[in-house]
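**Q** Mind looking over this structure? Questions follow.
Every number in this text was worked out from the coordinates using simple rules, so none of it is lab data. The model shown is predicted, which means the values in this text are computed figures rather than measured ones. Reconstructed Cβ throughout: ideal geometry from the backbone, glycine too, with neighbour counts over all protein chains shown.
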Amino acid sequence: MSVDKIISEWESIQTLIEATDLDVRKNANGNSSAGLRARKSFRALRSRLAELTRATIAADKARKDS
């Protein structure tokens with residue numbers, strides 16, 4: 001993954017976090033549907049963060065090898 005793609009993915013993750021924040025706050029105030037959306041977002045975040053972690057490790061390794 002190139003530097004631009006890593007930055008783009010990080011910005012996308014930040015957007016997802018901001019969207020999830022609203023659902024977490026709604027759930028804290030008693031909206032159970034928002035809780036379902038928040039938990040779904042948590043799973044998506046976990047997956048995307050794992051992908052980003054793998055990409056940054058690969059980029060670091062590629063820089064060291066060259």
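**Q** How long is the gain from ASP21 to ARG63 if the chain were fully straight, where each residue apart is worth 0.36 nm and the alpha carbon distance is subtracted? Don't skip to the end; give the middle numbers.
**A** Details: separation 42, 0.36 × 42 = 15.12 nm, distance 3.52 nm.
Contour length minus the Cα-Cα distance gives 11.6 nm.
**Q** Please turn the phi angles of segment 4-11 into ³J(HN,Hα) values with the Karplus equation 6.51 cos²θ - 1.76 cosθ + 1.60 (θ = phi - 60°), one per residue in order, whole Hz, x for glycine and proline.
**A** So the J values, rounded to whole Hz, are 4, 5, 5, 5, 4, 5, 4, 5.
**Q** In the set (i) 13.9; (ii) 13.2; (iii) 15.3, which value of Kirkwood radius over Cα pairs in Å was calculated from the structure you see?
**A** (ii)
**Q** Give me a comma-separated list of calculated 3J(HN,Hα) values for segment 41-52, in order, Karplus coefficients 6.51, -1.76, 1.60 applied at θ = phi - 60°, integers in Hz, x for any Gly or Pro.
**A** Going residue by residue, I get 5, 4, 5, 5, 4, 4, 5, 5, 5, 5, 4, 5 Hz, with x marking Gly and Pro.
**Q** Taking a cut-off of 25 Å between Cα atoms, list the lysines near LYS5, but don't count ones fewer than 8 places away on the same chain.
**A** Answer for LYS5, where 25 Å is the Cα cut-off: LYS40, LYS61, LYS64, listed by chain and number.
**Q** Within the set of other residues whose C-beta is less than 14 Å from the C-beta of ARG37, count the net charge using Lys and Arg as +1 and Asp and Glu as -1.
**A** Net charge around ARG37: +2.
**Q** Karplus couplings for segment 28-38 from phi (6.51 cos²θ - 1.76 cosθ + 1.60, θ = phi - 60°), rounded to Hz, Gly and Pro as x?
**A** Listing the rounded values in order: 5, 8, x, 8, 5, 5, 5, x, 4, 5, 5 Hz.
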